[in-house]
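Participant: Quick one: the structure is below, and I'll ask about it shortly.
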Amino acid sequence: MNHNKFFYFLLVTIGLLAASCNKNESDETNPAPFAKSEESVGFHLGKRLDNPYSVENMQRAYDSLLARGQINSTINITATHLYIKLTPQDSVEMNKILADATLELFPYPLDYEIYGEGEFIVDDDDWVATLYTVIPINHQLDNGINYTILEYCYIPEDNGNNSDLALLEMESLRLTGNLSQEELNAMQNMRFLVPPLQYPNGYVTVYNTNDNVYEAVRNIKVRTHRVVKISSAYTDANGYYSSSTGFRWDVHYSAVFENSQGFKVWSNLGPFSPAIHNVGWHDNAGYNITIGSNSCAWPWATINNAALDYYNVLCPYYHIQKPYNGLRFWYLSGILQDFGSGYGGSAPMLRNLTLSASSLAEFLFVIGILESPNLAVATAAAYGAMLCLPDIFVCQIDTIDTRILRRYIFHEMSHASHYAQVGPVYWVQFVTQICYNWITSPNHNAYGSAPNNYNNIIGVGEMWASYFAYKCTDGYYHYYHGLLQQNEWYAPQILKKIEDNSDGITPELIYDALIFPVQSHQELKQELISLYGQSAIITQAFSESGF
């Protein structure tokens, strides 16, 4: 197993161990009907293309135009960009690459034909973690990032409708076989006049199964490219995007789930690329990306919108501390097939568990990654890996229901808000105990079946996350949540009873009581009484559930 496959195996293993929160929960209502759309089954690469933007091909096109007398000006064709391949050797280098927000990273080469739509599917037997991008000739990559120059490129900037540069670009596309027959016919009909520049724009929407409407997918990146000429733009609150780079012919479109607010949704490739929904070749004037409920991008778009609402609507509304903006959501499809159907999710906050080497080694030993709490191994391997791990896992679902998936995201982000309050040392205890239960119990019962000295910290975390997800889902959006029907031993309904029966104890005040020392129901009860009084009401709410 090469080092890249081992790294990926490490990520998936941690995901399996951690992805136990809310697993296999079902909804009592019938799922909404599917929205009709073409099914996304993935795309693949065809034959390699002759890059029309290479310096060599641009020079050949220039010479061709000169020979025919179609161009008179002198054009100095020198490299403006580099088409490069990055093959990170370890997770530290990978993190440096990901930290460069100026890079438009692709998990597949750009100089190949692209067929089909959906997610890029890799062959597990051949896959090596490799990224491709195009950078300006003077762009300085971070020290320690190794790359291979695939080609020196000359990519003219937008250059008007009838300039010599426009003729040059068109001629190079023609000579290298990068114009379709339809495009060649259009050129002949126009008597080889340069077609006008068009700036791709449009809307990105996703089907909401609860409201039976398409809604805007907000703040995600829409990327357009033709071989190595690339442009991108973010959608606004209405899902609208508009490219600042013009194209003269059809371009390839993709929705990239990298939110302008700072968080990302990953798919099966994990940290190597945000989830990318390729939607094929379309008119250079624009294209509306419509994501139906049978699209592979449906969960990515739904997660994106739910997370954005949690940040910008729900936390301010309830005065709850927001998670940090750089959250990473890893949506894993197919990972729960051996454990039954349904959802799976967890919020281990692995990117933020900044621990001592000994604590980290002990953590990896407990959850089964290390055979022994080896300090040297943990220091050398795990620190770098942590940087490329997600904060929140969401595993495959078998019910396409906007309400249910939003509820899960609100639950996991409630954990992330809790983490913001208590910090990494507390969170390691919380995650470690869940993982230990998952490994050792016959039925992978991650929460345990009753409170004890070890499970108490789980009870506090799950109690809060279930309660606040209820407030977000049922209380704000009026989606059915089912909190009072839950029979979990940690009894999240206790907090609702306190809110309903107390004098002014709101979700904000409950959250303020979730400080570092509070690791059991009894400690939470005492902290609430200490802060807000109302001992009889608080005590009764806990005692009715056996605490």
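The values are calculated or read from the model by the stated rules, or taken from the named source; none is laboratory data. Keep in mind that this is a model prediction, so the values were computed, not measured. Note: ideal-geometry Cβ built from the backbone for every residue, glycine included; neighbour counts use all protein chains shown. All accessible areas refer to the heavy atoms of the entire protein, side chains included, with ligands and DNA or RNA removed. Shrake-Rupley method; radii C 1.70, N 1.55, O 1.52, S 1.80 Å.
Participant: Among the residues of segment 101-115, is there at least one that is farther than 18 Å from ASN51 by Cα, at pLDDT 90 or above and surrounded by fewer than 16 Cβ atoms within 10 Å (Cβ to Cβ)?
Facilitator: Yes: one or more hits.
Participant: Among the residues that make up segment 86-97, is at least one of them surrounded by 14 or more Cβ atoms within 10 Å (Cβ to Cβ), polar (S, T, N, Q) and within 21 Å of ASP50 (Cβ to Cβ)?
Facilitator: No: segment 86-97 contains no residue that is surrounded by 14 or more Cβ atoms within 10 Å (Cβ to Cβ), polar (S, T, N, Q) and within 21 Å of ASP50 (Cβ to Cβ).
Participant: Here are SER417, SER449, SER441: which of them is within 27 Å of SER535 (Cα to Cα) and of a type in the set (S, T, N, Q)? Break it down into steps so the answer makes sense when it comes.
Facilitator: On the way: SER449 fails: within 27 Å of SER535 (Cα to Cα); SER441 fails: within 27 Å of SER535 (Cα to Cα).
So the residue among SER417, SER449, SER441 that is within 27 Å of SER535 (Cα to Cα) and of a type in the set (S, T, N, Q) is SER417.
Participant: If you don't mind, there's one more thing I want to ask. Give all pairs with beta carbons closer than 7 Å in which a residue from segment 54-81 that is in contact (Cβ under 8 Å) with a residue 12 or more places away in the chain meets a residue that is surrounded by 17 or more Cβ atoms within 10 Å (Cβ to Cβ) and acidic (Asp, Glu); count only pairs at least 6 apart in sequence or on separate chains.
Facilitator: Pairs that qualify, where the first residue is in contact (Cβ under 8 Å) with a residue 12 or more places away in the chain and the partner is surrounded by 17 or more Cβ atoms within 10 Å (Cβ to Cβ) and acidic (Asp, Glu), are SER54/GLU151; ALA61/GLU171; SER64/GLU171; LEU65/GLU171; ILE71/ASP164; SER73/ASP164; ILE75/ASP164.
Participant: I'm trying to understand the selection: among the residues of segment 185-197, which are of a type in the set (A, V, I, L, M) and open to solvent by 50 Å² or more (accessible area, probe 1.4 Å)? Lay out the reasoning, then the answer.
Facilitator: Let us first name the residues in segment 185-197 that are of a type in the set (A, V, I, L, M), namely 186-187, 190, 193-194, 197.
Answer for segment 185-197, where residues must be of a type in the set (A, V, I, L, M) and open to solvent by 50 Å² or more (accessible area, probe 1.4 Å): MET190, LEU193.
Participant: For TRP298, work out the one condition from (1) in contact (Cβ under 8 Å) with a residue 60 or more places away in the chain; (2) open to solvent by 10 Å² or more (accessible area, probe 1.4 Å); (3) under 21 Å from the mean Cα position of the chain (by Cα) it doesn't fulfil.
Facilitator: Condition not satisfied by TRP298: (2).
Participant: A follow-up question, please. Among the residues of segment 507-543, what is the count of those that are in contact with a Ser or Thr (Cβ under 8 Å, 6 or more places away or on another chain), open to solvent by less than 40 Å² (accessible area, probe 1.4 Å) and among the aromatic types (Phe, Trp, Tyr)?
Facilitator: 1
Participant: So, one more: Looking only at residues in segment 121-164 that are of a type in the set (A, V, I, L, M) and assigned to a strand (DSSP E or B), which one is modelled with the lowest pLDDT? If you could, list the steps in order and put the result at the bottom.
Facilitator: Kept after step one, since they are of a type in the set (A, V, I, L, M), are these residues of segment 121-164: 121-122, 128-129, 131, 134-135, 137, 141, 145, 149-150, 155.
Checking the rest, the ones that are also assigned to a strand (DSSP E or B) come to 131, 134-135, 149-150.
Details: LEU131: 94, VAL134: 98, ILE135: 97, ILE149: 97, LEU150: 98.
Result: LEU131.
Participant: Further question: Test TYR480 against the criterion of being over 18 Å from GLN433 (Cα atoms) and open to solvent by less than 10 Å² (accessible area, probe 1.4 Å), and give yes or no. It would help to see each step written out before you state the result.
Facilitator: Details: over 18 Å from GLN433 (Cα atoms): yes; open to solvent by less than 10 Å² (accessible area, probe 1.4 Å): no.
No: the conditions fail for TYR480.
Participant: Could you check segment 265-275 and list, in sequence order, the residues that are modelled with pLDDT under 95 and either assigned to a strand (DSSP E or B) or of a type in the set (S, T, N, Q) (or both)?
Facilitator: The answer is TRP266, SER267, ASN268, SER273, PRO274.
Participant: Here is a follow-up. Checking PRO200 against (1) open to solvent by less than 20 Å² (accessible area, probe 1.4 Å); (2) in contact with a helix residue (DSSP H, G or I) (Cβ under 6 Å, 6 or more places away or on another chain): exactly one of these is not met. Which one?
Facilitator: In the conditions (1) open to solvent by less than 20 Å² (accessible area, probe 1.4 Å); (2) in contact with a helix residue (DSSP H, G or I) (Cβ under 6 Å, 6 or more places away or on another chain), PRO200 misses (2) alone.
Participant: Select from segment 241-256 the residues that are open to solvent by less than 10 Å² (accessible area, probe 1.4 Å) and not hydroxyl-bearing (Ser, Thr, Tyr) and list them in ascending order.
Facilitator: Passing the criteria: GLY246, PHE247, VAL251, HIS252, ALA255, VAL256.
Participant: When the residues of segment 28-62 are filtered to those that are outside any loop (DSSP other than H, G, I, E, B) and open to solvent by 80 Å² or more (accessible area, probe 1.4 Å), which remaining residue is modelled with the lowest pLDDT? Explain how you work it out, then say what you get.
Facilitator: Here is the first cut: in segment 28-62, the ones outside any loop (DSSP other than H, G, I, E, B) are 42-48, 54-62.
Narrowing the set further to residues that are open to solvent by 80 Å² or more (accessible area, probe 1.4 Å) leaves 44, 47-48, 56, 60.
On the way: HIS44: 83, LYS47: 93, ARG48: 95, GLU56: 98, ARG60: 97.
Selected residue: HIS44.
Participant: Which residue is nearest to PHE106 (Cα to Cα), if the candidates are limited to segment 211-232 and must be surrounded by fewer than 19 Cβ atoms within 10 Å (Cβ to Cβ) and touching a helix residue (DSSP H, G or I) at 6+ places or on another chain (Cβ under 9 Å)?
Facilitator: That would be ALA216.
Participant: In addition: Taking the condition of being within 18 Å of the chain's Cα centre (by Cα), farther than 19 Å from LEU332 by Cβ and hydrophobic (A, V, I, L, M, F, W, C), how many residues in segment 261-288 meet it? Show your work before the answer.
Facilitator: To start, the set of residues in segment 261-288 that are within 18 Å of the chain's Cα centre (by Cα) comprises 261-279.
Subsequent filtering for residues that are farther than 19 Å from LEU332 by Cβ retains 261-262, 278-279.
Among the residues that remain, those that are also hydrophobic (A, V, I, L, M, F, W, C) are: 279.
Within segment 261-288, residues that are within 18 Å of the chain's Cα centre (by Cα), farther than 19 Å from LEU332 by Cβ and hydrophobic (A, V, I, L, M, F, W, C) number 1.
Participant: Also: What number of residues within segment 491-512 satisfy the criterion of being in a loop (DSSP other than H, G, I, E, B) and under 31 Å from the mean Cα position of the chain (by Cα)?
Facilitator: Of segment 491-512, the ones in a loop (DSSP other than H, G, I, E, B) are 491-492, 502-506.
Right, trim to under 31 Å from the mean Cα position of the chain (by Cα) and you get 492.
Residues meeting the conditions: 1.
Participant: Follow-up question, since we're still on this one. Of the residues TYR241, TYR234, only one is under 16 Å from the mean Cα position of the chain (by Cα) and at pLDDT 95 or above; which? Write out each step before concluding.
Facilitator: Working: TYR241 fails: under 16 Å from the mean Cα position of the chain (by Cα).
Checking each option against the conditions leaves just TYR234.
Participant: Another question, then. Could you say whether any residue in segment 236-256 is within 26 Å of SER417 (Cα to Cα), in contact with a Pro (Cβ under 6 Å, 6 or more places away or on another chain), touching a residue at least 12 places away in the same chain (Cβ under 8 Å) and of a type outside the set (Gly, Ala, Ser)?
Facilitator: Step one: list which residues in segment 236-256 are within 26 Å of SER417 (Cα to Cα), which gives 236-237, 256.
Filter once more, so that each one left must be in contact with a Pro (Cβ under 6 Å, 6 or more places away or on another chain): 256.
After this cut, where a residue has to be touching a residue at least 12 places away in the same chain (Cβ under 8 Å) as well, the list is 256.
Still in the list and also of a type outside the set (Gly, Ala, Ser): 256.
Yes.
Participant: Let me ask something additional. Take the residues in segment 316-328 that are crowded, with 20+ Cβ neighbours inside 10 Å and more than 15 Å from the chain's Cα centre (by Cα); name whichever of them is farthest from LEU110 (Cα to Cα).
Facilitator: From segment 316-328, those crowded, with 20+ Cβ neighbours inside 10 Å are 320, 323, 327-328; that's our starting set.
Okay, now just the ones that are also more than 15 Å from the chain's Cα centre (by Cα), so 320, 323.
Working: ILE320: 44, PRO323: 35 Å.
Per the stated criteria, the residue is ILE320.
Participant: Shifting gears a bit: Any idea which of GLY475, GLY504, GLY448 is surrounded by fewer than 23 Cβ atoms within 10 Å (Cβ to Cβ), at pLDDT 95 or above and small (Gly, Ala, Ser)? So that I can check it myself, show each step before the final result.
Facilitator: On the way: GLY475 fails: at pLDDT 95 or above; GLY448 fails: at pLDDT 95 or above.
On inspection, the qualifying residue turns out to be GLY504.
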